[in-house]
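S.K.: To start, I am sharing the structure in question, which I have written as structure tokens.
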Amino acid sequence: MKIDLKYGDATQPARLPFAAHLLTARVAEVPAAQALVRRALANPLGTPGLEGLIRPQESVVIVTSDITRYTGSEIYLPLLVAELNRIGVADEQISIVIALGIHRQQTAAEHRKILGPLFGRIAVYDHDCDTPQELVDLGRTEAGLPVLLNRRVVEADRVIVTGTIGFHYFAGFGGGRKGLVPGVAGRETCMQSHFAVFNPPEVGGKHPLATTGCLDGNPVHHKLLQAASLARSDFLLNTVLSPQKQILGVFCGDLEQAHLAGCELVRELFQVELQQPAELAIISCGGEPKDINFIQAQKALDYGCRAVREGGTIILLAACRDGFGHPTFFDWFRYQDLAEFEQALRRDYQINGQTAHAVLSKARRFRVILVSELNGEQTATMGMEKAADLQSAIELVQADLPAEPQVVVIPDGGTVLPTIERTN
């Protein structure tokens, strides 16, 4: 069997000396993207249309994702601005805030890519989670979570949140409320909302419902939703994308209602059932931006490991041209004992530390072969083995597999969620 999997902005080919089962999304046809956007804008869920929400003299902030999360923004932002113009909102009254969360600032080239034809026409600003004068304190949620939000967003007359919905490895799903928190929230708000991934100290470990594809009972989701409710969000526009970055669905309207509708489409298209776990999973993140850095790429590891038996083997293709994705991420691997690692996070929780803990936990449960631009020492410190390319990785694991192994290939691991069928 010959495979050719995405790696950064290229592909890597290989020949498999065994049969394999291909796990892919259920995408039959791709609708016309602009028609989808226009239809969703005209038929919002739970709110009036923009014409019923926004008056011509009001200022409007549009929140959208950074370069690590492709959303189709260069398609929907011009249509959104055109609709605002149509109802009397001038370009000068509109600004775009890039929801960086705790990510790095964007380059001019990245702004151009995100805004498409609006670049140079509509003002664009990067969120800054660490500058106090750029944040407004909105108080605390009922659970005591402090909510600090971007000043431009808070002070605008109207706020439109945009982004994309996909699986998220501990918030259940991306999109919706995440455009606000952590998207345009202060660092303290980001950290404290995400800390809900852990059980109380007397219980220990991670909360079992803080996991991929789960919203009901997910403590991180509920913290994010409560925090976002303190901010005003007048309108949501979220896309659902194919692994090829084509727009398959657009959901507009109320922050929660439109988001939940989008989550259902993601489940329908991208949750794939297996009858039994595999001995080996060969996983590509899906190329850029899914593997732009390791923090993004590890999501494919989180999803894909669900297809593998305990102690099985995973080959992960993740170019990581931007390295780890945050300067403090790799430092957390100084903790090699998972219990000690968890205690360190409880003393000083950092989102990147929690992600590193999740990575090391999987490297302890599975044999992980990483094909990336990270060096051998970095790879080994994360508990993984480095291979030069996909074919080398396959040759490395072949001798340890049974004669007729159960093997799955996941070409778009950053999008597809494997699940094992439950038997009565």
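The numbers here are math on the coordinates, done by the rules we state, and not lab data. If you're wondering where the values come from, they're calculated on a predicted model, not measured in any experiment. Note: ideal-geometry Cβ built from the backbone for every residue, glycine included; neighbour counts use all protein chains shown.
S.K.: Work out from phi, with θ = phi - 60° and the Karplus expression 6.51 cos²θ - 1.76 cosθ + 1.60, the ³J(HN,Hα) of each residue of segment 100-112, listed in order in whole Hz, and give x for Gly and Pro.
M.R.: Each residue of segment 100-112 in turn: 7, x, 9, 6, 5, 5, 8, 7, 4, 5, 6, 4, 4 Hz.
S.K.: Take every Cα-Cα distance within segment 231-343, group them into 10 Å bins from 0 onward, and report for each bin the whole-number percent of pairs it holds.
M.R.: 12, 27, 35, 23, 4
S.K.: Suppose we keep just the DSSP beta bridges with both residues in the chain; what percent of those would be antiparallel, to 5?
M.R.: Working: 20 of 63 bridges.
That works out to approximately 30 percent antiparallel.
S.K.: Now a separate question. What full-extension length gain, to one decimal in nm, is calculated for GLU29 and ARG347 as 0.36 nm per residue of separation minus the Cα-Cα distance?
M.R.: Going from the current span to full extension adds 109.6 nm.
S.K.: Continuing with the same structure: Convert each backbone phi in segment 219-231 into a coupling constant with the Karplus relation 6.51 cos²θ - 1.76 cosθ + 1.60 (shift: θ = phi - 60°), then list the ³J(HN,Hα) values in order as whole Hz, x for Gly and Pro.
M.R.: For segment 219-231, the Karplus-derived couplings read x, 5, 4, 5, 5, 5, 5, 5, 5, 5, 5, 6, 8 Hz, x marking Gly and Pro.
S.K.: With contacts defined as alpha carbon pairs under 8 Å and 6 or more residues apart, what's the relative contact order of the chain in percent?
M.R.: Working: 934 pairs, mean separation 84.8, N = 424.
Over the chain, the number comes to 20 percent.
S.K.: Hey, another quick one. Nearest 0.05, what FRET efficiency do GLU273 and GLN133 give at R0 = 45 Å with Cβ-Cβ as r? Don't skip to the end; give the middle numbers.
M.R.: Working: r = 50 Å, r/R0 = 1.12.
Using R0 = 45 Å, I get an efficiency of 0.35.
S.K.: Okay, helix-only estimate at 222 nm for the chain: each DSSP H run of n ≥ 4 adds -39500 (n - 2.57), divide by all residues, round to 500 deg cm²/dmol; what do you get?
M.R.: Result for the chain: -8500 deg cm²/dmol, rounded to the nearest 500.
S.K.: Provide VAL181, VAL272, VAL61 in ascending order of the number of other Cβ atoms located within 10 Å of each residue's Cβ, fewest first.
M.R.: Ascending number of Cβ neighbours within 10 Å: VAL272, VAL61, VAL181.
S.K.: Then there is this: Work out, step by step, the length gained on full extension between ALA82 and ALA10: first 0.36 nm times the residue separation, then minus their alpha carbon distance; give nm to one decimal.
M.R.: Contour length minus the Cα-Cα distance gives 22.4 nm.
S.K.: Any idea what log10 I(q)/I(0) is at q = 0.12, 0.14, 0.15, 0.22 Å⁻¹ for segment 180-284, Debye with uniform C-alpha scatterers and no solvent?
M.R.: Log10 of I(q)/I(0), two decimals: -0.57, -0.76, -0.85, -1.26.
S.K.: Another one. At most 14 other Cβ atoms within 10 Å plus a DSSP loop assignment makes a site exposed; report the longest stretch of the chain without any exposed trypsin sites (Lys or Arg not before Pro).
M.R.: The longest uninterrupted stretch comes out as 122-320.
S.K.: Using all alpha carbons of segment 38-85, what is the percent of pairwise distances in each 5 Å bin, ordered from the shortest bin to the longest?
M.R.: 5, 16, 27, 25, 17, 8, 2
S.K.: Which entries in the list LYS223/LYS386; LYS245/LYS362; LYS2/LYS113; LYS2/LYS386; LYS206/LYS290; LYS223/LYS299 go over 32 Å, if you measure between the two C-alpha atoms of each? Working shown, then result.
M.R.: Values: LYS223/LYS386 37 Å; LYS245/LYS362 28 Å; LYS2/LYS113 34 Å; LYS2/LYS386 22 Å; LYS206/LYS290 25 Å; LYS223/LYS299 21 Å.
Over 32 Å Cα-Cα: LYS223/LYS386; LYS2/LYS113.
S.K.: In whole Å and largest first, what semi-axes does the C-alpha gyration tensor of segment 356-419 yield when each eigenvalue is scaled by 5 and square-rooted? Could the numbers behind the result be given before it?
M.R.: Details: eigenvalues 76, 55, 34 Å².
Largest first, segment 356-419 gives 20, 17, 13 Å.
S.K.: Right, something else. Applying the Karplus parametrisation 6.51 cos²θ - 1.76 cosθ + 1.60 with θ = phi - 60° to the phi angles of segment 87-94, what ³J(HN,Hα) value in whole Hz is obtained for each residue in order, glycine and proline being reported as x?
M.R.: 8, x, 8, 6, 3, 5, 8, 10
S.K.: Hey, can you grab everything whose amide H is under 5 Å from the amide H of VAL308? Only 5+ residues off in sequence or another chain; H modelled, so Pro and N-termini drop out.
M.R.: ALA278
S.K.: Using 10 Å bins from zero, what percent of all Cα-Cα pairs in the chain falls into each bin?
M.R.: 5, 22, 32, 25, 12, 4, 0, 0
S.K.: If each Cα of segment 33-241 is one equal point scatterer, what is log10 of I(q)/I(0) from the Debye formula at q = 0.07, 0.14 Å⁻¹?
M.R.: Normalising to I(0) and taking log10 leaves -0.20, -0.82.
S.K.: What are the GluC sites (Glu not before Pro) within segment 154-256 that DSSP puts in a loop, where the Cβ has at most 15 other Cβ atoms within 10 Å?
M.R.: The qualifying sites are GLU202.
S.K.: Between ASP331 and LEU209, what is the label-to-label distance in nm when each label sits 7 Å out along the Cα-to-Cβ direction?
M.R.: With each label point 7 Å from Cα toward Cβ, the separation is 3.5 nm.
S.K.: Compute the separation of the alpha-carbon centres of segment 1-64 and segment 135-205 and state it in Å as a whole number.
M.R.: 23 Å
S.K.: Calculate the FRET efficiency for GLN244 and GLU202 from the Cβ-Cβ distance with a Förster distance of 56 Å, rounded to the nearest 0.05.
M.R.: 0.75
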